[in-house]
Structures are given as structure tokens and as C-alpha cells.
Amino acid sequence: HLSLRRQRQMCIRDRGWHIQWYAHPHHLAQIAHVHHQTRLPCVLDHLAGMHAALPATDAAWLALQQLAELGAWVKLSGWYRLRDQAPYAGLTSNIQRVAALAKDRLVWGSDWPHTAFETTAMPTYRSVWTPVVDALGEARAQAALAAGSQPLALIHISGPTRQAETSDAVFCLKK
């Protein structure tokens, strides 16, 4: 019989779903290894974790390049989670570098409801959209916005264990 993990892989592939990762840069090599083995499509949330303090020579950039070559998408969102503050100018070069690697596999999301903030301190839509336009220009930013406007359904599949700081939970978005 097939292992539970293999059954999940087949389920994801057969339904045309993808895996969404919210990971830190030091997890990207492990994620690249998983995707090299499974060839499942994925989205790396919050700029793939490539935060403002990440050195340009960090090994995570190579892992992100490998993931991009495997077809990974990157979600442009969650700037406030990436060691910068509004207007997020400290992330401009990282947004540009990630976009150069991911090419047309960029998707933008507002990250609403912004769970890291008190309700009285919520960032405005404009404040989380502007960094995308500033880094990529209006046309490319609009393309990322359009990629994120497709109707999707969220499905959560969860396993009973955690290994090496990454969860066995899988969040899939189905078109």
C-alpha cells in the first residue's frame, strides 16, 4: 500500500493543486529538495522569506533559484513580516531579485486580515501594494495582481507529525 505522504502527493497532482509554503530562508534548500523529488507545484509565501536583512550572498538565494527552476511561484506579500517597516523600501532590491528569478510566476496578495496587527493599526491596501509597483513597475505589478485574482478554493490537509521545523501540513489552492 502507498504511504500517506505518497497518497497526498498523488492527490495534489491528480487534482491540479499546489503546495503553499510559508518558510524562512534557511528552509528553502530543504523545500527545494522536496520539490525536486516530488515535482509538485508550489507557491512560496511572503517573498519566499527573503527578508530585508538577508545578505545578498546567503545560500537561500541559490535554493530559491533552484525552486524557481523547478517552477515555483512566489507570493508578493507580507512585507511587515520581512524585517522592514512601511514604506518597505528596504525590500525593493529583494523584490526585484526574487522577481528576476521567478520571472512570470509571481502572484500578489494583500495578506489581509494582517494578523500581526491590532485592528486599529491595520496597514492600508495602498501601503502593501506600493512596494510591488515601486520594485517592479506598474505593468509587471499588474501582471502579478492579475495572477492572484483567479477564483480559488483553500483546502487543508494535515499530518500528525512535525519534522525539522517544517510541518507536514499542506495547504492547497484549487482553481
Being within 21 Å of ALA99 (Cβ to Cβ) and either at pLDDT 95 or above or not hydrophobic (A, V, I, L, M, F, W, C) (or both) narrows it down to one of HIS27, HIS33, so name that one. HIS27
Would a scan of the stretch 149-167 turn up a residue that is in contact with a His (Cβ under 9 Å, 6 or more places away or on another chain), under 27 Å from GLN7 (Cα atoms), outside any strand (DSSP E or B) and at pLDDT below 90? yes
Quickly run through the stretch 1-11 and pick out the residues that are surrounded by 14 or more Cβ atoms within 10 Å (Cβ to Cβ) and either over 26 Å from ALA60 (Cα atoms) or of a type in the set (Phe, Trp, Tyr) (or both). ARG8, CYS11
Being on the phi < 0 side of the Ramachandran plot and in contact (Cβ under 8 Å) with a residue 60 or more places away in the chain narrows LEU101, LEU76, LEU67 down to just LEU76
When the stretch 12-23 is checked residue by residue, the ones that are assigned to a loop (DSSP other than H, G, I, E, B) and free of Cβ contacts under 8 Å to residues at least 40 places away in the same chain are TYR22
Pull up the stretch 117-145, narrow it to residues that are hydroxyl-bearing (Ser, Thr, Tyr) and either part of a helix (DSSP H, G or I) or open to solvent by less than 60 Å² (accessible area, probe 1.4 Å) (or both), then point me to the one that is farthest from GLY78 (Cα to Cα). THR120
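The values are calculated or read from the model by the stated rules, or taken from the named source; none is laboratory data. Note that this is a predicted model, so its numbers are computed, not measured. Using ideal geometry, Cβ is built from the backbone for each residue, glycine included, and neighbour counts are taken over all protein chains shown. Just the protein is used for accessible areas: all its heavy atoms, side chains included, with ligands, DNA and RNA removed. Shrake-Rupley method; radii C 1.70, N 1.55, O 1.52, S 1.80 Å.
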